[in-house]
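Everything on this sheet refers to the single structure shown next.
The values are calculated or read from the model by the stated rules, or taken from the named source; none is laboratory data. Here the structure is a predicted model, which means the values were calculated and not measured. Cβ atoms come from the backbone with ideal geometry, glycine included; neighbour counts cover every protein chain shown.
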Amino acid sequence: MDQETLSAAGLRYETEGPIATITLDRPEKRNAQTPTMWRALAALGGRIDDEIRVVLVRGEGHSFSAGLDRAMLDPTGSDQETVAGLLGHTDEEMSATIEEYQRGFTFLRDPRFVSIAVVQGYAIGAGFQLALSCDLRISTDDAQFSMKEAALGLVPDLTGTKPLVEAVGLSRALEICATARMVDADEAKRIGLVLDAVPADRLGTAVDELVAALTAPLPGVAREIKELLSGAGDRDLDEQRRREREAQVRRFRELAALMGG
């Protein structure tokens, strides 16, 4: 996908060695999201090279993402695809369209790479769900998270509910979603939403250190570990043991090939 198309959707994509960075680039709107952005993210996700080992997701400016662009709730207020436009569809068509939007979030679970949300400022609604779509999250110590959908009479539908429950448990996830309250960085760290919450001037260093640690092992290790751990909680022990054995066999074979064995 060319940069002009990404720019029109409010995105930037850059790579440096095995590291890719996706930046939400609408700082004047606090990186508010649109269906156009979600479709562009989905298309971009399908084009990430196999050599990429870490994908960083950031927001330009002072906020990660303030959530849905409110203009998208006005069917007459934009010349692009709007969320309000869903009301003109049948239930089946509406569900199918939302599924297409969700692909802009699900690609971040791809086992080929580890995805990291780098959160500063606000991560609200769709912004919170985008952060939750990443494998890991690190934030500034003044970051604020909120599932704002309930305040609009809606539910989170951009794949954030499952990772939220996995991170904090059903009771806390229900309370966070149903009340639409703000979760500050200290609480987010305490309940497991973020790995760490650091001062803004330390965020770059903290991210660099995490990326360096993730890319230190041989290529393929993090991929196997991510695939092995994903869904482990839903498998019985025998199934998980089988997956461990098969993953280890692949690692032994790859290491032997690297050593010329």
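Here are the numbers for this structure:
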quantity: Yes/no for R53 being crowded, with 17+ Cβ neighbours inside 10 Å and touching a His at 6+ places or on another chain (Cβ under 8 Å); calculated: no
quantity: Cβ pairs under 6 Å, 6+ apart, first in the stretch 189-216 and among the basic types (K, R), second surrounded by 17 or more Cβ atoms within 10 Å (Cβ to Cβ); calculated: K189/A197
quantity: Hits in the stretch 211-231 (condition: aliphatic (A, V, I, L, M) and surrounded by 12 or more Cβ atoms within 10 Å (Cβ to Cβ)); calculated: V211, L214, V221, A222, I225, L228, L229
quantity: Any hit, the stretch 200-207, residues being surrounded by fewer than 15 Cβ atoms within 10 Å (Cβ to Cβ) and within 20 Å of the chain's Cα centre (by Cα); calculated: yes
quantity: Residue count for the stretch 14-32, restricted to those that are in contact with a strand residue (DSSP E or B) (Cβ under 6 Å, 6 or more places away or on another chain) and surrounded by 15 or more Cβ atoms within 10 Å (Cβ to Cβ); calculated: 8
quantity: Residue among T106, T97 that alone is in the same structural domain as T36 (by TED's automatic domain parsing) and over 18 Å from the mean Cα position of the chain (by Cα); calculated: T97
quantity: Residue check, L170 at pLDDT 95 or above and not hydroxyl-bearing (S, T, Y); calculated: yes
quantity: Qualifying positions in the stretch 107-122 - part of a strand (DSSP E or B), small (G, A, S) and within 19 Å of R202 (Cα to Cα); calculated: A117
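Each row is one residue, and each column tells you yes or no for (1) assigned to a helix (DSSP H, G or I); (2) touching a strand residue (DSSP E or B) at 6+ places or on another chain (Cβ under 8 Å); (3) touching a residue at least 24 places away in the same chain (Cβ under 8 Å); (4) not assigned by TED's automatic domain parsing to the domain that holds Q102.
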{"residue": "G127", "(1), (2), (3), (4)": "yes, yes, yes, no"}
{"residue": "A131", "(1), (2), (3), (4)": "yes, yes, yes, no"}
{"residue": "E149", "(1), (2), (3), (4)": "yes, no, yes, no"}
{"residue": "L154", "(1), (2), (3), (4)": "no, no, no, no"}
{"residue": "T159", "(1), (2), (3), (4)": "no, no, yes, no"}
{"residue": "L164", "(1), (2), (3), (4)": "yes, no, yes, no"}
{"residue": "D186", "(1), (2), (3), (4)": "yes, yes, yes, no"}
